[in-house]
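As structure tokens, the structure follows; a few thoughts come after it.
The values are calculated or read from the model by the stated rules, or taken from the named source; none is laboratory data. Source: prediction; values computed, not measured. When we count neighbours, we look across all protein chains shown, and the Cβ atoms used for this are built from the backbone with ideal geometry, even at glycine.
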Amino acid sequence: MYRYDEFDHAFMAERVAQFSRQVERRISGEMTEDQFKPLRLMNGLYLQLHAYMLRVNVPYGCLSSKQLRGLADIARKYDRDYGHFTTRQNIQYNWIKLEDMPQLLSDLAEIEMHGIQSSGNCIRNVTSDQFAGTSADELEDPRVYCEIIRQWSTLHPEFSYLPRKFKIAVTGAPKDRAAVALHDIGLRMHKNEAGDTGFEVIVGGGQGRTPVIGKTICEWLEPEYVLSYLEAILRVYNLWGRRDNMYKARIKILVNATGIDEFRRQVEEEFEAIKASPLALDPTEVERINEYFAAPAYETLEDTDLSDQAAANPAFAAWLTSNTAKHKVSGYTIVNLSLKSPNQPPGDLGAGQMDAVADLADEYSFGELRVSHRQNLVFTDVKQQDLFALWEKLSQLDLATANINRATDMIACPGLDYCALANARSIPISERITKRFSDIDRLHGLGEMSINISGCMNACGHHHVGNIGILGVEKKGQEFYQFTLGGSSAEDASLGDRTGPGFSTDEVVDAVDRILNTYVEQRDDEEETFLETYRRVGMVPFKEALYGAN
């Protein structure tokens, strides 16, 4: 994974000193909160309902064991002994004291991490496939381009104050695990007719109050020109994006208003003007960055037969089915660590768990791990012969719930428990759903699906693209929950359809149960997923189950 060079270290030291002075001025009263707000946001510091919240970038989801131990120390020293992993592959701390920020940032810099551009109207943390570099279906490792984009976009003078926040995702596999169509710009790697690898460029995706599936602006882009094309898109957006209304300021609004053909024309015109500029990638620089992502020292191994252990232990068999993925190297497996057990909020991880996971990463996965956009962790390089021993140790840490891509593997935002923007609580609802469907046999019998929950229309919980989406709303001082069905963030991306009126807090889990029972009744066989069934039969049977026949 990428390691800081001398420039990175010097830059971070300067930023820590700069923000420390700004914090001192705020605490002394020299600076008002309104004056301080844009400065703290540039460093990832939010003011939420009860305290400051710090968002720390995890570039394209890659963490070392040393960094995770450092994050555990920060949770113990400056927070309430835990951190929360997010859909942008970052980590958040919800109980930060302003006076602690200078030392906290210094501690982060020691482990080569920071919160710069994790908030504000700028290019945010670049996200990617959590299996990047190891998945059997991958064309090329996208992390190289993620890092190049990160370096290009950090403190970019032209794009530091965009009309609105801007998010980029990159995937190198045909199976989209990075939700690229739901980003301001999504890059999907594929081969052209000549067999050369390049990027499909998708623009104008996003969720929030106006959910949009992105549109393809370029079918195939040579990797050499990825920065030139991104710069062209951002120049057009920066010029024409609305600044008079924050709800209409995202690039998705501009693309829709302009039309994709006219927007493409303007981008192509800008692109041609800068295509041959220094933004064109030098192959030697690409190779230099690529060396940071060299494969670890894999052993020559045969695939391990685990059928006897699985037959003797149904819980282990269920975990193998849902929580592991095919590796590109024989004898190795990708392992998902579920942060969605019945015993803690989705995406949360205690400091002690972080230390233990770091130890396991050293023992089983070359000292590295990943954060997924579904708020789980991943060991990408586990020997198959070690899987049973690893499963036993993860079980002791409550990190082996066999539910990846199942009903209880929910994306959930912090909701009204923490967020000043929320209308309703999302964490308690997700916990109740998890307990209702905790039986592993039933969970696996329901097959692969996604349930996503947001506490408001800002859609931090990605409810628009959940196979089952749940949106918290406020109605006459009470919390209600609306449902959408049929959403997807994968390569077949789609927005969910609203079922109808919302349900009270007491009714919402029963409503989920009725939706899932209807799916079981309607599916052709046990192999047909919830999304496939919904797309085949439509809304009517689900609506009848929820509201009764008209």
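Key figures
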{"read-out": "Members of region 157-167 that are closer than 21 Å to residue 248 by Cβ and either at pLDDT 95 or above or touching a Lys or Arg at 6+ places or on another chain (Cβ under 8 Å) (or both)", "value": "159, 162, 163, 164, 165, 166, 167"}
{"read-out": "Every residue from region 17-38 that is modelled with pLDDT of 95 or more and either under 25 Å from the mean Cα position of the chain (by Cα) or within 25 Å of residue 126 (Cβ to Cβ) (or both)", "value": "18, 19, 37"}
{"read-out": "The listed residue being loosely packed, with under 15 Cβ neighbours inside 10 Å, acidic (Asp, Glu) and more than 24 Å from residue 229 (Cα to Cα), out of 302, 269", "value": "302"}
{"read-out": "Selection from region 536-550 of residues that are exposed (fewer than 15 other Cβ atoms within 10 Å of the Cβ), at pLDDT 95 or above and over 15 Å from residue 483 (Cα atoms)", "value": "536"}
{"read-out": "Hey, residue 160 of a type in the set (S, T, N, Q), assigned to a loop (DSSP other than H, G, I, E, B), under 14 Å from the mean Cα position of the chain (by Cα) and more than 24 Å from residue 487 (Cα to Cα) or not", "value": "no"}
{"read-out": "Residue identified as closer than 22 Å to residue 463 by Cβ and surrounded by fewer than 19 Cβ atoms within 10 Å (Cβ to Cβ) among 396, 344, 385", "value": "344"}
{"read-out": "Output for region 433-447, where each listed residue is buried (at least 16 other Cβ atoms within 10 Å of the Cβ) and basic (Lys, Arg)", "value": "436"}
{"read-out": "Scope region 347-359; condition surrounded by fewer than 21 Cβ atoms within 10 Å (Cβ to Cβ) and not acidic (Asp, Glu); matching residues", "value": "350, 351, 352, 356"}
{"read-out": "Which listed residue is at pLDDT 95 or above, of a type in the set (A, V, I, L, M) and buried (at least 19 other Cβ atoms within 10 Å of the Cβ), from 508, 520", "value": "508"}
{"read-out": "Some residue of region 133-140 being touching a helix residue (DSSP H, G or I) at 6+ places or on another chain (Cβ under 9 Å) and either within 22 Å of residue 214 (Cα to Cα) or assigned to a loop (DSSP other than H, G, I, E, B) (or both)", "value": "yes"}
{"read-out": "Qualifying residue in region 113-133 (condition: surrounded by 17 or more Cβ atoms within 10 Å (Cβ to Cβ), among the acidic types (Asp, Glu) and under 16 Å from residue 293 (Cα atoms))", "value": "yes"}
{"read-out": "Residues of region 512-550 that turn out to be part of a loop (DSSP other than H, G, I, E, B) and closer than 24 Å to residue 472 by Cβ, as a count", "value": "2"}
{"read-out": "Only one of 234, 239, 187 that is part of a helix (DSSP H, G or I), under 23 Å from the mean Cα position of the chain (by Cα) and assigned by TED's automatic domain parsing to the domain that holds residue 280", "value": "234"}
{"read-out": "Residue, farthest from residue 405 (Cα to Cα), within region 141-176, restricted to residues that are out of contact with any helix residue (DSSP H, G or I) (no Cβ under 8 Å at 6 or more places or on another chain) and aliphatic (A, V, I, L, M)", "value": "155"}
{"read-out": "Members of region 480-511 found to be assigned to a strand (DSSP E or B) and of a type in the set (Val, Ile, Thr), listed by number", "value": "484"}
{"read-out": "Residue check for residue 459: in contact with a Pro (Cβ under 8 Å, 6 or more places away or on another chain), outside any helix (DSSP H, G or I), at positive phi and buried (at least 19 other Cβ atoms within 10 Å of the Cβ)", "value": "yes"}
{"read-out": "Residue identified as buried (at least 19 other Cβ atoms within 10 Å of the Cβ), closer than 30 Å to residue 247 by Cβ and modelled with pLDDT of 95 or more among 450, 365", "value": "450"}
{"read-out": "Scan of region 318-330 for residues that are surrounded by fewer than 18 Cβ atoms within 10 Å (Cβ to Cβ) and in contact with a helix residue (DSSP H, G or I) (Cβ under 6 Å, 6 or more places away or on another chain), ordered by number", "value": "none"}
{"read-out": "Single match in 454, 395, 426, 494 (criterion: among the small types (Gly, Ala, Ser) and within 25 Å of residue 318 (Cβ to Cβ))", "value": "395"}
{"read-out": "One residue from 79, 100, 184 being farther than 30 Å from residue 251 by Cβ, touching a Phe, Trp or Tyr at 6+ places or on another chain (Cβ under 6 Å) and buried (at least 21 other Cβ atoms within 10 Å of the Cβ)", "value": "79"}
{"read-out": "Criterion: outside any loop (DSSP other than H, G, I, E, B) and either out of contact with any Leu (no Cβ under 8 Å at 6 or more places or on another chain) or not polar (S, T, N, Q) (or both) - qualifying residue of 399, 394", "value": "394"}
{"read-out": "Residue in region 148-165 that is under 22 Å from residue 326 (Cβ atoms) and among the small types (Gly, Ala, Ser) present", "value": "no"}
{"read-out": "Criterion (among the acidic types (Asp, Glu) and at positive phi) met by exactly one of 81, 73, 107", "value": "81"}
{"read-out": "Selection within region 328-356 - assigned to a strand (DSSP E or B) and more than 21 Å from the chain's Cα centre (by Cα)", "value": "332, 333"}
{"read-out": "Residue check for residue 314: surrounded by fewer than 20 Cβ atoms within 10 Å (Cβ to Cβ) and farther than 27 Å from residue 55 by Cβ", "value": "yes"}
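Conditions tested, residue by residue: (1) surrounded by 21 or more Cβ atoms within 10 Å (Cβ to Cβ); (2) at pLDDT 95 or above.
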| site | (1), (2) |
| --- | --- |
| 177 | yes, yes |
| 211 | yes, yes |
| 221 | no, yes |
| 257 | no, yes |
| 278 | no, no |
